[in-house]
Amino acid sequence: MNLPLYLTLARIFMIPLVILSYYFIPNVGHQVAAIVFVLAAITDYLDGYLARRNKQVTRLGAFLDPVADKLLVAASIVMLVGEHYSPHLVLPAMVIIGREITISALREWMSEIGKRRSVAVSYVGKIKTALQMAALIVLLWYTPGQPLFILNAGEYMLFAAAALTLWSMIVYLKAAWQDLTFSGKT
């Protein structure tokens, strides 16, 4: 075990803390959940950076890092859609979660045929992640009774993140299209 792997595991253990804080800490639970989410997002950046810088990349870390990211985002989005009773948040939630499932399957497939590098993380994917994290932080922070511009800003950012999510999915699918359609497998 190394520090990057500990950071990834810490992110996984922060997921229940985000949820428990959000629902069960009176008066400031939403803000505590947002702060814990920020800490988890920081570990997302740090674990990869430290693993590469210190040459501590491991198979377990490479597997757990995207799993931790997807669990954190999916749990937060599902919680927020349920909490805000906002039917219009369902669309970006479905796009974001659906894309994560699709790209995870795509990366698995591309690894199986030895072409994982063709679907490596793109610049658009990094911007999407940053915007998605910012949107979720704002939406977690919002408490009914606060100015509505906070909620609206989070919702607009989530829709923008969903648009970038679709764009990045198209980029990945385009990069892999020939291997998907002409690989000789069904």
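The values are calculated or read from the model by the stated rules, or taken from the named source; none is laboratory data. Fair warning: this is a prediction, and the values are worked out from it, not measured in the lab. Here Cβ is always computed from backbone atoms with ideal geometry, including for glycine, and neighbour counts include all displayed protein chains.
Residues in segment 45-74 that are under 19 Å from I101 (Cα atoms) and β-branched (V, I, T): V67, V73.
Residue by residue, here is whether (1) touching a Phe, Trp or Tyr at 6+ places or on another chain (Cβ under 8 Å); (2) of a type outside the set (S, T, Y) holds:
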{"site": "I127", "(1), (2)": "no, yes"}
{"site": "L136", "(1), (2)": "yes, yes"}
{"site": "L140", "(1), (2)": "yes, yes"}
{"site": "T143", "(1), (2)": "no, no"}
{"site": "A161", "(1), (2)": "no, yes"}
{"site": "T165", "(1), (2)": "no, no"}
{"site": "S168", "(1), (2)": "no, no"}
{"site": "W177", "(1), (2)": "no, yes"}
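Of the residues in segment 150-166, none is more than 14 Å from the chain's Cα centre (by Cα), more than 27 Å from W109 (Cα to Cα), part of a loop (DSSP other than H, G, I, E, B) and without any contact (Cβ under 8 Å) to a residue 24 or more places away in the chain. For first residues located in segment 35-49 and farther than 15 Å from A62 by Cβ, partners that are at pLDDT 95 or above and among the basic types (K, R) and lie 6+ apart or on another chain with Cβ distances below 7 Å form the pairs A40/R11; T43/R11. Filtering R59, R99 for residues that are in contact with a helix residue (DSSP H, G or I) (Cβ under 9 Å, 6 or more places away or on another chain) and either basic (K, R) or modelled with pLDDT under 90 (or both) leaves a single hit, R99. Taking segment 127-186 as the range and being in contact with a helix residue (DSSP H, G or I) (Cβ under 6 Å, 6 or more places away or on another chain) and charged (D, E, K, R) as the test, only K128 passes.
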